[in-house]
Amino acid sequence: MYLLSVPVFAQEADLFNEKFTADFAQFLFKSNQYNYAAEEYERLNFIFPENQEYQLNLLKSYRLASEYPRGINAFQYFHSPGLKIQQEYIKLNLLDNNKLNIHTMIDGLEPESIFRNNLDFTLRLINIPDRAINLEGIQVDKIDKGLLDLYNESYNLKHKSAFLAGTLSMLIPGTGKVYCGRWKDGLMSVLFIGTTAFQAYRGFDKKGVKSVYGWIMGGLSFGFYIGNIYGSAKAAKNYNVHQNTIFIDKTTHYYIDHF
């Protein structure tokens with residue numbers, strides 16, 4: 001009688017172990033212990049490779065743990081992943097800035113699908129500063145309203161002209177940096193250039209062109225002046241990169257939160 005009961009007990013233990021592991025993984029996930037949750041879901045996926053709920057939770061755990069490459073790699077071993085798993089895979093690639101994988105996914109989707117159109121549109125939207133998006137192949141009537149709002153917002157992004165910033169600082173030192181919103185840097189540029197230029201003037205005023213002090217201070221002033229022009233143009237470029245980065249991050253997280 002005891003021997004006959006062993007297989008039944010073993011089966012019950014196996015079922016209990018799966019449930020216990022799944023519950024424990026869910027507990028770790030809900031308590032924001034995403035790395036540990038991923039380890040449990042890895043174990044479940046290894047034992048139950050066809051369970052798409054475990055696959056989805058594994059990818060979510062990797063994403064929330066910021067382990068994007070590991071999640072992307074795990075997806076390669078899934079067979080016939082469902083839509084939710086594909087969406088989670090896309091989110092991992094967006095956060096990892098892996099546009100090649102996203103393009104591959106887009107190419108494999110039906111042109112009529114809402115999934116493809118919104119994904120394709122999002123990918124084109126984050127490819128700024130080329131804000132004039134080519135809508136060829138996009139069915140605009142299938143695009144999410146929030147993404148369309150972001151598209152309109154992209155045309156209103158405030159960018160600074162590097163040429164204008166450099167020109168302003170060439171005419172009045174520091175004003176190019178002020179134009180870029182860097183008031184403190186602009187003020188420091190005025191002080192450095194003005195102070196060294198004045199010291200150079202004093203040196204030449206006392207000893208004429210033979211003033212070593214005058215030439216030294218004049219050289220410093222000229223160096224600050226040239227550096228100020230270059231720095232102002234660079235500040236404008238950095239400003240634009242920062243604005244673009246904010247917009248890309250906003251668009252990426254909108255897609256992640258709404259799809």
Can you return the lysines within cross-link range of LYS60? Criterion is Cα-Cα under 22 Å, with same-chain partners fewer than 8 residues away left out.
LYS19, LYS30, LYS84, LYS91, LYS99, LYS250
With θ set to phi - 60° and the Karplus curve 6.51 cos²θ - 1.76 cosθ + 1.60, what are the ³J(HN,Hα) couplings of region 108-114 in order, to the nearest whole Hz, using x for Gly and Pro?
x, 9, 5, x, 7, 6, 5
If I stretch the segment between TYR201 and GLN52 completely, what's the gain in nm (0.36 nm per residue apart, minus their alpha carbon distance), one decimal?
45.9 nm
Within region 48-117, GluC sites (Glu not before Pro) in DSSP loop having at most 15 other beta-carbon neighbours inside 10 Å:
GLU50, GLU112
Express in nm, to one decimal, how much length is gained between LYS250 and ASN17 on full extension, taking 0.36 nm for each residue of separation and deducting their alpha carbon distance.
79.7 nm
Please check the chain for the longest run free of trypsin sites (Lys or Arg not before Pro) that are loop-located per DSSP (anything but H, G, I, E, B) and have at most 16 other Cβ atoms within 10 Å.
1-130
Placing one identical point scatterer on every Cα of region 51-200 and ignoring solvent, what is log10 I(q)/I(0) from the Debye formula at q = 0.11, 0.12 Å⁻¹?
-0.63, -0.69
Low-density loop positions, chymotrypsin sites (Phe, Trp or Tyr not before Pro), region 10-102 - DSSP coil, at most 16 other Cβ in 10 Å
TYR77
For region 48-97 and region 190-205, what is the centre-to-centre distance using only Cα atoms, to the nearest Å?
63 Å
With unit charges on the beta carbon (Lys/Arg positive, Asp/Glu negative), name the residue among LEU100, THR175, VAL212 whose Cα is farthest towards the positive pole of the charge dipole of the chain.
VAL212
Rel. contact order, % - alpha carbon contacts under 8 angstrom, at least six apart, the chain:
14 percent
Cα gyration tensor of the chain, axes a ≥ b ≥ c as square roots of the eigenvalues: rounded (a/c below 1.5), prolate (a/b > b/c) or oblate?
prolate
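Read the figures in this text as sums done on the coordinates, not as results from a lab. Quick caveat: nothing in here was measured; it's all calculated off a predicted structure. As a convention, Cβ positions derive from the backbone with ideal geometry for all residues, glycine included, and neighbour counts pool all protein chains shown.
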